[in-house]
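Pasting a structure here, questions to come.
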Amino acid sequence: MLVIRILYAALLALHLTVPEVPAAFQTAGTLTKEIDLSHWGMDRIQDIGFVSIGILHGPDQDQMVVYDIRTAKPTFRIPDRPWGAVPEFSGNTFLVADFNEGNVNRLGGYFNSFARAPSTADLTISSLPEGDQALTFVYTRDTSGFAGFWIHLFDFKSPPAQRVFLDSSPFNFITFSIRGEHGQEALRFQVADRIWEQKEDSLPIDEVGIFLPAGRITKEWQRAWVPLKNLPARVDAKELASLVFAAARGGGRVYVRDIAFTVSRAAPAMLSKTRPKPKPPAGKGMWLWETEKLLGNGEAQEQLHTFCRDQRVTDLFLQLPYRAERAGKEWRISWDRFGMQQLLRGLHAVGVTCHALDGNPKYALSEYHDQVKATLQEIIRFNRNSDPEARFDAVRYDIEPYLLPRFAGVHKETVLRQYLALLKDLKEYTSAAGLDLGVDIPFWFDARSRFFEPVAELDGRPFTERILEIVDNIGIMDYRTRAYGADGTIAQAVDEIRHAEKLGKKVYIGLETVPLPDETILDFEKARGPSALQIRILDGTRLLLTWTASSSDLVEEGAGPHILFQANRIEVPSSRITFQEMTREELSAVMRKTAGEFGGYGSFYGFAIHSYESFRPWLERQKER
């Protein structure tokens, strides 16, 4: 269940067009999955014209998950206005970004690296000795791959019909400052307009060195001046979408800052280098799922105490190991109360705040609400019958309704309303008992799908906002392994942080250390492609989906299955999501940079690491390296 949850979040972020392309993953020849067509609002398999699936590449076998089924792939509305607009500026210059302002530039654009293995690319914002910040690109360029980064000149999180691109008509130059770590680094400067950006491509202008006084990138800062008259003829200067820096050869580290459009060749005035010093996170949380193994085990509890002290864990989300049995119309909830009291005493003695954790996707449905509320009432009774040092301090729910088979289809709104009703009831109990109520949510609850449809919206508002109005805190499963960029922890959590700030609520930024599989996302339509998806009726509205790796092996039957063919393929490496194969230094860097951006918000409480069962052995392996 955990794997599907995390990679479903990865899928929903793919509309951000982050072209990070690893080597092709190996996939089994055929995979099958049963579904209920009624969940998708259709009656006949002949009506199915578009399907999106994910293939999770497990260590022993692959697994298919179904993400979307429609009559046809959605199309975007074309706006009845010009695509481009001249940005407001005065004098000589429009400053796009100097990177002292963080993750988003003055056009609402993000940045991100791209690479195809065996080439590599990493992009971040770094603080420089002279007090500035700069975009920092670290890369290796292999002849059989590519590497680079782009900077958008528009807000690509907005729906296509609302996008505004840069009309560069008043300007004569694109200018930026650049230096290399060693000198001799070789980058090509490229550009994309609206059409080329839609193709996820760009056209080259020339090597960056051509536009530098020294004729090459050096270890000293130089200002590049790129005449706009040098734009390729096939690029529309009134609809500029992206600036692209592509590695030409070799490898290295390059710093870029002060990107601007100018009327004349006069250096733009830069912003203040002074940035407010962010406050450090107040706390650090951690999920712990195997609580039952700790009860009555003094040695295991001592190891946990030591770990919490060493890692400065202030908040522990302890899964409640209970048993629920129905007795008539009532629920009987039981667990090892004495063992739990001993565990809580020991954790409180080392300064850890203890949250009772419960959750299951089905709990979102109204037929399970009585069980959830009965368990919460039992937690409250447990606290009343325990000494202060042996009580839970808060209650937390990790329910994840999007894992229900019916969530992705036409029943989504019903599921969301039932889940919200449960949270309102739970909040009444926790408020009366003096307990904080927290929930864990994916970062994409307030996002749009790759078709720019709201992923989880209720009454015209993002579902995250509705949740924050009820609970005391949220843990965002912000499972990314980069801080900056279009698909980093900062970009994915900033809206939640801002809304929580308005409401006076707390936010934990969740990071992942659990090992996860890579995933392949496949879209299927009616035009023939390299692989195929066969759809058969089992009985009633139950269908069997069979994916065949090679459509050339497919034997089409006259009255056989409904068949769609692969139209698109995207590889999602697990390295985007979990730190499992990364270093402690890389995790620390992401936490430091994320905290640097969010430290000015009172809503940012700290990080939460998933989970003790993976985080502890991961750290132990780090010591062996």
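Every number here is computed from the coordinates shown, using simple stated rules; none is lab data. Since we're looking at a predicted model, the values are computed, not measured. Cβ: placed from backbone, ideal geometry, glycine included. Neighbour counts: every protein chain shown.
Full-extension gain between E181 and R498, please, as 0.36 nm times their residue separation minus the C-alpha to C-alpha distance.
Result for the pair: 110.5 nm of gain on full extension.
Right, here's the next one. Find which of F149, G438, Q622 sits farthest along the positive direction of the dipole of the chain, computed with +1 on the beta-carbon of Lys and Arg, -1 on that of Asp and Glu, about the Cα centre.
With unit charges placed on the Cβ atoms, the residue in question is F149.
Over the Cα atoms of the chain, how large are the radius of gyration and the largest Cα-Cα distance (Dmax), in Å?
Expressed in Å, the Cα Rg and Dmax of the chain come to 26.3, 84.
Summing +1 for each Lys or Arg and -1 for each Asp or Glu, what net charge is found among the other residues whose Cβ lies under 15 Å from the Cβ of L437?
-3
Going down the list K157/K199; K284/K427; K73/K157; K73/K593, which pairs span over 28 Å between their C-alpha atoms?
K73/K593
Could you tell me which of rounded, prolate or oblate describes region 457-612, using a ≥ b ≥ c as the square roots of the eigenvalues of the alpha-carbon gyration tensor, with rounded for a/c under 1.5 and, failing that, prolate when a/b is larger than b/c and oblate otherwise?
Judged from the Cα gyration tensor, region 457-612 comes out prolate (a/c at least 1.5, a/b above b/c).
Using a ≥ b ≥ c from the Cα gyration tensor of region 390-502 (square roots of the eigenvalues), is it rounded, prolate or oblate, where a/c under 1.5 gives rounded and otherwise the larger of a/b and b/c decides, a/b for prolate?
Oblate.
Which percent of Cα-Cα pairs in region 124-223 sits in each 5 Å bin, short to long?
2, 9, 17, 21, 20, 16, 10, 4, 1
Shifting gears a bit: Using only the alpha carbons of region 93-262, determine the length spanned along each of the three principal axes and report them from longest to shortest in whole angstroms.
That works out to 42, 36, 29 Å along the principal axes.
Also, I was wondering about something else. Taking 0.36 nm per intervening residue step and subtracting the Cα-Cα distance, what contour gain separates W225 from E469 on full extension?
Length gained, W225 through E469: 82.9 nm.
Output the DSSP H helices from the chain with an along-axis C-alpha extent of no less than 20 Å and a mean Kyte-Doolittle hydropathy no less than -0.5. It would help to have the intermediate numbers written out before the result.
Working: long enough: 369-384 (23 Å, -0.79); 412-433 (32 Å, -0.29); 489-503 (21 Å, -0.26); 584-598 (21 Å, -0.60).
Passing helices, by number: 412-433, 489-503.
Moving on to the next point. I need the fraction of alpha carbon pairs in region 266-423 separated by more than 23 Å, rounded to a whole percent.
Values: 6308 of 12403 pairs.
Tail of the P(r) past 23 Å holds 51 percent of the pairs.
Hey, another quick one. With the Cα gyration tensor of region 279-322 giving a ≥ b ≥ c as the square roots of its eigenvalues, does the rule (a/c under 1.5 for rounded; else a/b larger than b/c for prolate; else oblate) give rounded, prolate or oblate?
oblate
Let me ask something additional. What translational diffusion coefficient, to the nearest whole µm²/s, does region 436-518 have by Stokes-Einstein, given a Kirkwood radius computed over alpha-carbon pairs, a temperature of 10 °C and 1.306 mPa s viscosity?
119 µm²/s
If you add up the charges near I217, with Lys and Arg at +1 and Asp and Glu at -1, over every other residue whose beta carbon is less than 15 angstrom from its beta carbon, what do you get?
Net of charged neighbours comes to +4.
Let me ask something else about it. Compute the distribution of all C-alpha to C-alpha distances in region 249-359, in bins of 10 Å from 0, and list the percent of pairs in each, rounded to whole numbers.
Binned Cα distances yield the sequence 10, 28, 16, 12, 12, 11, 8, 2, 0.
With θ set to phi - 60° and the Karplus curve 6.51 cos²θ - 1.76 cosθ + 1.60, what are the ³J(HN,Hα) couplings of region 312-323 in order, to the nearest whole Hz, using x for Gly and Pro?
For region 312-323, the Karplus curve yields 6, 6, 9, 9, 10, 9, 9, 4, 7, x, 10, 10 Hz.
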